[in-house]
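To start, the structure itself, in structure tokens.
The values are calculated or read from the model by the stated rules, or taken from the named source; none is laboratory data. The structure displayed is predicted, hence computed values, not measured ones. Virtual Cβ from ideal backbone geometry, glycine too; neighbours counted across all protein chains shown.
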């Protein structure tokens, strides 16, 4: 039986990742921060793990709770958008900058040393849920500046992880879920959450078509960095 770890599984994309992998008979470890989220994930059949990605003690606890597990897929999904009105004329406040950069960039950096020993033995796939808004080549607007900058930085973290882990057989992907109807994406977004996750899972599952080190959207299209 295959095993997945979904980081940031309380709602939205992460919750749907957990739901779909469980539906296909996988063993799923899913992280949460609040008790109601733990109960929801438990009732779905997931093994629940409390994790605040900003808490170093929680990160250390994740390592020992998963000690000895062999993970086939790890999805790094935890993230925040921050102020939607940030742009060149209205840069973010310091506290907003700190929150978004710590959650979207520092947390993945700190997670890598914890995750690598867990995914290495299975020569599995480490998938970062990023955004096309982090593409420097495709940038055509300045709104959401803080989120864009954080996702560009997260993309670099993913590329560095690819460089580091590819020699030991770990496949690292960067994924764009589309503009999805979640709490973050809003009700007017283009893509249904189930369709987004189904598409990203197809990319994760097709090793031959989507090699490590790539940036792909939920439809399987390659994106520019």
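Residues in the range 187-223 that are assigned to a loop (DSSP other than H, G, I, E, B), out of contact with any helix residue (DSSP H, G or I) (no Cβ under 7 Å at 6 or more places or on another chain), surrounded by 15 or more Cβ atoms within 10 Å (Cβ to Cβ) and touching a residue at least 40 places away in the same chain (Cβ under 8 Å): 214 only. For the range 117-138, a residue qualifies if it is closer than 10 Å to residue 71 by Cα and either within 13 Å of the chain's Cα centre (by Cα) or not in a loop (DSSP other than H, G, I, E, B) (or both), and the qualifying residues are 117, 118, 119, 125, 126.
Look at (1) surrounded by 13 or more Cβ atoms within 10 Å (Cβ to Cβ); (2) closer than 24 Å to residue 100 by Cα and you find that residue 140 fails only one, number (1).
Within the range 58-68, restricting attention to residues that are touching a strand residue (DSSP E or B) at 6+ places or on another chain (Cβ under 9 Å) and outside any loop (DSSP other than H, G, I, E, B), the residue that is nearest to residue 102 (Cα to Cα) is 58.
Please indicate, with yes or no, whether at least one residue in the range 96-114 is closer than 18 Å to residue 212 by Cα, touching a residue at least 24 places away in the same chain (Cβ under 8 Å) and not in a helix (DSSP H, G or I). Among the residues of the range 96-114, not one is closer than 18 Å to residue 212 by Cα, touching a residue at least 24 places away in the same chain (Cβ under 8 Å) and not in a helix (DSSP H, G or I), which makes the answer no.
Could you please let me know if residue 131 is in contact with a strand residue (DSSP E or B) (Cβ under 9 Å, 6 or more places away or on another chain), touching a residue at least 40 places away in the same chain (Cβ under 8 Å), surrounded by 14 or more Cβ atoms within 10 Å (Cβ to Cβ) and under 22 Å from residue 183 (Cα atoms)? It is true that residue 131 is in contact with a strand residue (DSSP E or B) (Cβ under 9 Å, 6 or more places away or on another chain), touching a residue at least 40 places away in the same chain (Cβ under 8 Å), surrounded by 14 or more Cβ atoms within 10 Å (Cβ to Cβ) and under 22 Å from residue 183 (Cα atoms). Just to be sure before I move on: is residue 158 at pLDDT 95 or above, outside any strand (DSSP E or B), under 23 Å from residue 111 (Cβ atoms) and within 14 Å of the chain's Cα centre (by Cα) in the structure I sent? Against the criterion (at pLDDT 95 or above, outside any strand (DSSP E or B), under 23 Å from residue 111 (Cβ atoms) and within 14 Å of the chain's Cα centre (by Cα)), residue 158 qualifies. Among the residues that make up the range 165-186, is at least one of them in a helix (DSSP H, G or I) and either closer than 23 Å to residue 80 by Cα or in contact with a helix residue (DSSP H, G or I) (Cβ under 7 Å, 6 or more places away or on another chain) (or both)? Yes: one or more hits. A search for C-beta distances below 8 Å between a residue of the range 21-46 that is touching a residue at least 24 places away in the same chain (Cβ under 8 Å) and at positive phi and any residue that is part of a loop (DSSP other than H, G, I, E, B) and exposed (fewer than 12 other Cβ atoms within 10 Å of the Cβ), counting only pairs 6+ apart in sequence or on different chains, returns 25/1. Within the range 33-51, restricting attention to residues that are in contact with a strand residue (DSSP E or B) (Cβ under 6 Å, 6 or more places away or on another chain) and over 20 Å from residue 68 (Cβ atoms), the residue that is surrounded by the most Cβ atoms within 10 Å (Cβ to Cβ) is 41. Identify, please: which residue in the range 70-85 is over 14 Å from the mean Cα position of the chain (by Cα) and at pLDDT 90 or above and is, among those, surrounded by the fewest Cβ atoms within 10 Å (Cβ to Cβ)? Selected residue: 70.
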